[in-house]
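For reference, the structure is listed below as structure tokens.
The values are calculated or read from the model by the stated rules, or taken from the named source; none is laboratory data. The structure displayed is predicted, hence computed values, not measured ones. Cβ: placed from backbone, ideal geometry, glycine included. Neighbour counts: every protein chain shown.
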């Protein structure tokens, strides 16, 4: 019989930051600040933090770019894919194209709205989406991210890990994807991954663990919970864990007092 996850009923895992490691830091910094016009909240020594919604984008120096215009989503590229949202997709594409943003193909229509892919100067792929009910920023400037997807090889195993590890409920699924409510963030597992992270993976999601009681979160209890859920410990430091899911994709866990 497999080990059962240690119960951590008083803790909540809330996505707070999307970490993006880039090779051309200054060029990417100018792209996110000037082309996408994301609000800058902090910048120092090869690090910049942009806040355009509940999930901040933290740009970090030290990644690996590509000689191609865009990295693939999945094997050979980034397993994570995040989306920024706008009110009017066509108007936003026209304005951002003028600002120098490279779009990958044409926009497409899905049951939930419309979307198109674009790339930053390092070739990291994003989506720009227009979803009814998701209000963009004034002036039709991009907001978010409110949606993050992850390519995986074993959809069934991965879909079992995330509810056990983080308590996120499944709100939709089909043969090729599983959608979670990740404390207000739409998080989707999508089939088609390689079963292991790419050496050049640029994205990491950072979660804040908060206690529902007056007691601060217990680092050792949370670590044992994640290991029992099927995760792997990569690194532990004061108030922080770096763990991997069963396919090796890294997540940063920050304990909030």
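Would you mind telling me which numbered condition in (1) within 25 Å of residue 251 (Cβ to Cβ); (2) touching a strand residue (DSSP E or B) at 6+ places or on another chain (Cβ under 7 Å); (3) surrounded by fewer than 19 Cβ atoms within 10 Å (Cβ to Cβ) residue 142 fails?
(3)
Out of all the residues in the range 57-91, which are farther than 16 Å from residue 120 by Cβ and surrounded by 15 or more Cβ atoms within 10 Å (Cβ to Cβ)?
First, the residues of the range 57-91 that are farther than 16 Å from residue 120 by Cβ: 74-76, 79, 85-91.
Those that are farther than 16 Å from residue 120 by Cβ and surrounded by 15 or more Cβ atoms within 10 Å (Cβ to Cβ): 74, 79, 85, 86, 87, 89.
If you scan the range 172-194, which residues turn out to be more than 16 Å from residue 13 (Cβ to Cβ) and either more than 17 Å from the chain's Cα centre (by Cα) or part of a loop (DSSP other than H, G, I, E, B) (or both)?
172, 173, 174, 175, 176, 192, 193, 194
Say we look at the range 21-44 and pick out the residues that are part of a helix (DSSP H, G or I) and more than 22 Å from residue 128 (Cβ to Cβ); which of these is nearest to the chain's Cα centre (by Cα)? I'd like the intermediate steps shown before the answer.
Within the range 21-44, the subset part of a helix (DSSP H, G or I) is 25-35.
With the extra rule that they be more than 22 Å from residue 128 (Cβ to Cβ), the set shrinks to 25-26.
Working: 25: 19, 26: 22 Å.
This residue is 25.
List the number of the failed condition for residue 105; all other conditions in (1) farther than 25 Å from residue 30 by Cβ; (2) touching a strand residue (DSSP E or B) at 6+ places or on another chain (Cβ under 9 Å); (3) modelled with pLDDT under 95 hold.
Here residue 105 meets the rest and fails (1).
Quick one: count up the residues across the range 168-198 that are over 30 Å from residue 35 (Cα atoms), in contact (Cβ under 8 Å) with a residue 60 or more places away in the chain and surrounded by 15 or more Cβ atoms within 10 Å (Cβ to Cβ).
Residues in the range 168-198 being over 30 Å from residue 35 (Cα atoms), in contact (Cβ under 8 Å) with a residue 60 or more places away in the chain and surrounded by 15 or more Cβ atoms within 10 Å (Cβ to Cβ): 3 in total.
Among the numbered criteria (1) modelled with pLDDT under 95; (2) in contact with a strand residue (DSSP E or B) (Cβ under 9 Å, 6 or more places away or on another chain); (3) closer than 27 Å to residue 12 by Cβ; (4) crowded, with 16+ Cβ neighbours inside 10 Å, which single criterion is violated by residue 135?
(4)
Taking the criterion of being closer than 14 Å to residue 129 by Cα and either in a loop (DSSP other than H, G, I, E, B) or more than 20 Å from the chain's Cα centre (by Cα) (or both), would at least one residue in the range 71-82 satisfy it?
Residues of the range 71-82 that are closer than 14 Å to residue 129 by Cα, as a first pass: 81-82.
Narrowing further to those that are either in a loop (DSSP other than H, G, I, E, B) or more than 20 Å from the chain's Cα centre (by Cα) (or both): none.
Checking the range 71-82: not a single residue is closer than 14 Å to residue 129 by Cα and either in a loop (DSSP other than H, G, I, E, B) or more than 20 Å from the chain's Cα centre (by Cα) (or both).
Inside the range 98-140, counting only strands (runs of 3 or more DSSP E) that do not spill past its ends, which hold 3 or more residues that are under 20 Å from the mean Cα position of the chain (by Cα) and either touching a residue at least 40 places away in the same chain (Cβ under 8 Å) or farther than 23 Å from residue 59 by Cα (or both)?
Working: elements: 102-110, 113-119, 125-130.
Answer list for the range 98-140: 113-119, 125-130.
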